[in-house]
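> First the structure, then my questions, so here it is.
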Amino acid sequence: MENNKLVILKSKFDEIVHLTEDGIEFWLARELQPLLGYSEWRNFENAIKKAKEACSNSKFNIFDHFVDVNKMVKAGVAIKPVLDYQLTRYACYLIAQNGDPKKEEVAFAQSYFAVQTRKLELIEERMKYLQRVEARDRLKLSEKRLSQNIYERGVDEKGFGRIRSKGDQALFGGQTTKNMKDKLGIKDNRALADFLPTVTIAAKNLATEMTNYNVEEKDLYGENPITTEHIQNNTSVRDMLVHRGIKPETLPASEDMKKIERKLNKTDKKLAETSGKLNKKDIKKGI
C-alpha cells in the first residue's frame, strides 16, 4: 500500500478515537463501520457478534471490551435512540479480523488496532509482516494441493521433493534449493521459503498454482511430465520477474518466518490485557 494512502487511512481512524475519564481509548461502532467498508449496519453488527464470540473464546470478559450504548439520532422530525457500541482497541481488532483483508481499509485496521502506538512506521511494519505470513500460508496450501495431485498421479513423496527442487532451480536461475540455502545461511532442516522475501514467495506460489491447474486440466500423469510442467511454469514466472528487474537469486534473505509469527502472536496475546477495560462508569458518560 502506498505511503500516502496509509497516512490518509491513519488520519481517518485517529479522528474517531475517544477517551474515557481514565484515559482508556475507545471507538464507537457506528463511526467505525464506514471506515471498515460496511455499508449496512446489520452486516457490521454480525461482525461485532463474531468478534464477541472470539473474545469469549479467548477467555476475556465481553463486557470489558464491548459496551452497549444508546445514541440519539434524528429520524425525520423525531429524535430516537439507536443501538451503538463502545469498543476497546482489542474489540476493534477482533472486528477487523472478521473483515476481508483484501480490502485496504481492513488490512490497515488489523495492524492499526494491534499496535499499541499510533506511529505509522510500526503499523506499516506489521502490515508487511502480515503480507509475508499470508503469502507463506498461500504457498503452503498450493504445495499441499500439488503434493496431493501428484500422489494421485503415481508420484511418491520423494518424487514430489524432486519436482519442487527442479522448480526452484528454474526460478532461481540454475541455483538449486541447497545452493540458495547455503547462500542465504539457512539450516538444512529449515524451509527455504521461510526466509524468502514476499515477492519470491508469491512467485513460487504462482508457479505452483499454475502447475496445479495444468496437472488437473491436462490430466498429467507420472513424475516426468509433471516435472516438465513445473519447470516451465517456474521459468515463465522467472522471465516475468527478470523483465521487471527482479532476479530472485540475488535478493537478500528476509527475517525468519517463525520469528515473525512469534512476534505477531505475542502482540495479539498482550492486546486484550493492555487495551484497557470499559466499565459502568464509562457507560454513564454517554456520547
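The values are calculated or read from the model by the stated rules, or taken from the named source; none is laboratory data. Since the model is a prediction, treat every value here as computed from it, not as a measurement. Quick reminder, even Gly has a Cβ in these numbers, built from the backbone with ideal geometry, and neighbours come from all protein chains shown.
> Within segment 2-34, count every residue that is in a loop (DSSP other than H, G, I, E, B) and surrounded by 11 or more Cβ atoms within 10 Å (Cβ to Cβ).
Residues in segment 2-34 being in a loop (DSSP other than H, G, I, E, B) and surrounded by 11 or more Cβ atoms within 10 Å (Cβ to Cβ): 5 in total.
> Has segment 195-204 got at least one residue that is crowded, with 19+ Cβ neighbours inside 10 Å, of a type in the set (F, W, Y), modelled with pLDDT of 95 or more and more than 24 Å from E223 (Cα to Cα)?
Scanning segment 195-204, I find at least one residue that is crowded, with 19+ Cβ neighbours inside 10 Å, of a type in the set (F, W, Y), modelled with pLDDT of 95 or more and more than 24 Å from E223 (Cα to Cα), so the answer is yes.
> Contact list please: Cβ distance under 6 Å, first residue in segment 43-69 and in contact (Cβ under 8 Å) with a residue 40 or more places away in the chain, second residue among the acidic types (D, E), pairs at least six apart or on different chains.
Every condition considered, the pairs that remain are V69/D84.
> Here's another thing I want to ask about it. Please determine whether any residue of segment 62-75 is assigned to a helix (DSSP H, G or I) and within 18 Å of the chain's Cα centre (by Cα).
The answer is no, given that none of the residues of segment 62-75 is assigned to a helix (DSSP H, G or I) and within 18 Å of the chain's Cα centre (by Cα).
> Mind checking which residues of segment 207-222 are in a loop (DSSP other than H, G, I, E, B) and exposed (fewer than 14 other Cβ atoms within 10 Å of the Cβ)?
Within segment 207-222, K218, D219, G222 qualify.
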